[in-house]
1. Just from the alpha-carbon atoms, what are the Rg and Dmax of the chain in angstroms?
2. Residue separation times 0.36 nm, minus the C-alpha to C-alpha distance between Ile238 and Gln305: what's the value?
3. Taking a 19 Å limit on the Cα-Cα distance, which of the listed pairs Lys38/Lys69; Lys8/Lys115; Lys47/Lys165 fall beyond it?
4. Using only DSSP helix segments of four residues or longer, with each worth -39500 (n - 2.57), what per-residue ellipticity at 222 nm results for the chain after dividing by its residue count and rounding to 500?
5. If packing is taken as the average number of other Cβ atoms within 10 Å across a peptide's residues, how do 4-17, 264-277 rank, most packed first?
6. Between Ser349 and Asp79, 0.36 nm times their residue separation minus their Cα-Cα distance comes to what?
7. FRET efficiency for Leu204 and Arg247, Cβ-Cβ distance as r, R0 = 41 Å, nearest 0.05?
8. If you rank Glu183, Glu310 by how much accessible surface each has, with a 1.4 Å probe, what is the order from largest down?
Amino acid sequence: MSYLCEMKKKLETIKEKDEVIILAIETSCDETSAAVVKNGRIVLSNKIASQIELHKHYGGVVPEIASRKHVEAINPIIDEAMNEAGIGFDQLDGIGVTYGPGLVGALLVGLSTAKALAYALSLPLVGVDHIEGHISANYISHPDLEPPFLCLVVSGGHTHLLWVKDYGDYEVMGMTRDDAAGEAFDKVARVLGLAYPGGPSIDLIAKKGDAQAIQFPRAYMDEEHFDFSFSGLKTAVINYLHNLKQRNESYRIEDVAASFQQAVVDVLVSKTIKAALKIGLSRIAIAGGVAANSTLRQCMDSQAQRHGYEIYYPQLVYCTDNAAMIGCAAYYNLMRGKIHDLSLNVEPSFSTIVTNYPQY
Ligand code: KG4
Ligand code: ZN
């Protein structure tokens, strides 16, 4: 019997179990992470080996260095996750792994490891879309959260406004037409001379700045659609600094950071609230690295309160990349029979969940 046929048969028994335990792996960018997750929402362990200190020297992620570090870190981090969870490999019911989007070499390390484990242990392989993982982080932090809800996914590589209709059923209401929100934070931080990753650096320094000091552009703010654009804002910040430097005038980094951050947040909050109004959903989840931003959280909370909406954020550790969120998404895929063959390849460029984009 082929591997996939055997796994489909095995799945019938797994679905009957009271406890379904998944080992999940995430290596799409610069974090090597492994987690053990029970029944989708109970995190038995979540170990993360961050490469930030290494990439800081270069002001951003160097893909080849990331791949090599993943190779070094993957086996020890899996051992750590299994030890902390206190279970043996024979107690697992499935292997979940991010297979895209992300850096191709980085993804390959995680996927190859997951395939080897799935084959050797005779367990179903569940390939997980990274964006679906970020959304699922909210299920871990909010055990009562169920679809439908609206989800704003804002990370270093993605900015999507998604209508989560059911587990695995998504409709794209809007997305960025150029830079992702986190990417804009990282690039602006770099021109301000702040450390990588730029989001947390700007978040911190902006607390001492005046968010109204400079009026940076807010793209598409008053347009009907729900798409975003951040590259014009990034250019506006660069031009602003360039002009001041040419005239030998000084500026307060704190004010530039706070004003830039406010421009990003205003657009994200305004579009999200408008989208919720449009489809009549009162529950809004935020996900991805930028969901850790303190100003975004404050502004989203105050707008939501005005409209009587409920806002969900993952705990900080589940905002940025981690394997627990992948384990959660893998559980819901597994239970719906969405498992993969060992021929599964990485999907670096495309998200497989954001194909349904009807243009609002
Ligand atoms: O989700 P994530 O770990 O990786 C991707 O899937 O891209 O997100 C990383 C991004 C980076 O761009 C980082 O600067 C941003 O999230 N980020 C933040 C904050 N913490 C992380 N952006 C704004 N404020 C923060 N506090
Ligand atoms: Zn991510």
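The values are calculated or read from the model by the stated rules, or taken from the named source; none is laboratory data. Note that the structure is predicted; figures quoted are calculated from it, not measured. So basically every Cβ, Gly included, is an ideal-geometry build from the backbone, and we count neighbours across all protein chains shown. Remember, those area values only see protein heavy atoms, side chains included, never the ligands or the DNA or RNA. Shrake-Rupley method; radii C 1.70, N 1.55, O 1.52, S 1.80 Å.
1. 20.7, 74
2. On the way: separation 67, 0.36 × 67 = 24.12 nm, distance 3.47 nm.
Gain on stretching Ile238 to Gln305: 20.6 nm.
3. On the way: Lys38/Lys69 28 Å; Lys8/Lys115 16 Å; Lys47/Lys165 30 Å.
Flagged as over cut-off: Lys38/Lys69; Lys47/Lys165.
4. Numbers: 12 runs with 166 residues, N = 360.
Rounded to the nearest 500, it is -15000 deg cm²/dmol.
5. Details: 4-17: 13.1, 264-277: 20.6.
Highest to lowest by the protection proxy: 264-277, 4-17.
6. On the way: separation 270, 0.36 × 270 = 97.20 nm, distance 2.98 nm.
Residue separation times 0.36 nm, minus the Cα-Cα distance, leaves 94.2 nm.
7. Details: r = 28 Å, r/R0 = 0.69.
Plugging the Cβ-Cβ distance into 1/(1 + (r/R0)^6) gives 0.90.
8. Numbers: Glu183 55, Glu310 100 Å².
Descending accessible area places them as Glu310, Glu183.
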